[in-house]
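Here's the structure we're looking at; comments come further down.
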Amino acid sequence: MRVAAQKGSDEDKGFKTSPLVPAFTRRRELTLGRVAALGFAFSLVGELLTGIGPITQLHYETGLSYRVVYLLVGALAAYGLVGAALSPATRDPRNQADVAKRQPANPLQEPRRFLAQNEVLIGRLAMIGFAGACVLEYVWGGEAPLVHLGLVQPATPLVHAPWWAIGLVLLFIANGLGVFSAVGQDDDQAF
């Protein structure tokens, strides 16, 4: 049993609040960023292979109507925005102290810590990318954003996908699996 690996108190593990309470905490941002990164990566792969956007992909995979899929995605986004803007748990001094632990790191002086912090940034980009793809798919009448912009052709085999698309997919998958955090974590430094 690796009890020694669990050093530090609950305070070191981050601020906790009920999952039912919308809040913007360091732990939730990391977790949701990883989920968003995986979701965005898979939506990019789906768009490359099929030429359809994320909402249509969710519609086909779940069998839910477009209206229900948009409502669910919108409700999740609203829950996060309410938690960030209005929740007392977000403004709780213990949460603010926990969020303050994430201080900028110089990539030349602390490359491992810089990688771990970039996991949060990449997660945020994935959230924005997925939300943007959903909005653009709606605005463009169901057409996938990358196809609409002419950046990819529908039904592109992955081996013929543009290098930047493959790079984005790999970046977001690595982020979603926590690779940057694992590489960037020092044994004596809690991020």
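FYI, it's all coordinate maths here, none of it is from the lab. Everything quoted here is computed from the prediction, not taken from an experiment. In this analysis, Cβ positions are derived from the backbone assuming ideal geometry, glycine residues included, and neighbour counts consider all displayed protein chains.
Before moving on, here are some points about what is shown:
- Neighbour net charge for Val147 - beta-carbon separation under 13 angstrom, K R +1, D E -1: -3
- A simple spin-label model places pseudo-atoms 7 Å from Cα toward Cβ; at Glu110 and Leu177 they are separated by 2.7 nm.
- Cα→Cβ-extended label distance, 7 Å offset, between Leu49 and Gln103, nm: 4.5
- Cα shape, the range 78-191, gyration tensor, a/c 1.5 rule: oblate
- 5 angstrom amide H check on Glu143, placed H, neighbours 5+ away: none
- Each residue of the range 153-168 is assigned a 3J(HN,Hα), and the resulting list reads 9, x, 6, 7, x, 4, 5, 9, 5, x, 4, 5, 5, 5, x, 4 Hz, derived from the Karplus form 6.51 cos²θ - 1.76 cosθ + 1.60 (θ = phi - 60°), x at Gly and Pro.
- Mean-position separation - Cα centroids, the range 115-155 and the range 29-82, in angstrom: 10
- Helix content alone sets the calculated 222 nm mean residue ellipticity of the chain: runs of n ≥ 4 DSSP H residues at -39500 (n - 2.57) each, divided across all residues, give -19500 deg cm²/dmol.
- Taking a ≥ b ≥ c as the square roots of the eigenvalues of the alpha-carbon gyration tensor, the chain is classed oblate because a/c is 1.5 or more while a/b is no larger than b/c.
- If R0 is taken as 25 Å, the Cβ-Cβ distance between Gln96 and Leu20 corresponds to a FRET efficiency of 0.75.
- Backbone geometry of the range 83-89 corresponds, through the Karplus equation with coefficients 6.51, -1.76 and 1.60 at θ = phi - 60°, to 3J(HN,Hα) couplings of x, 6, 9, 10, 6, x, 5 Hz, x marking Gly and Pro.
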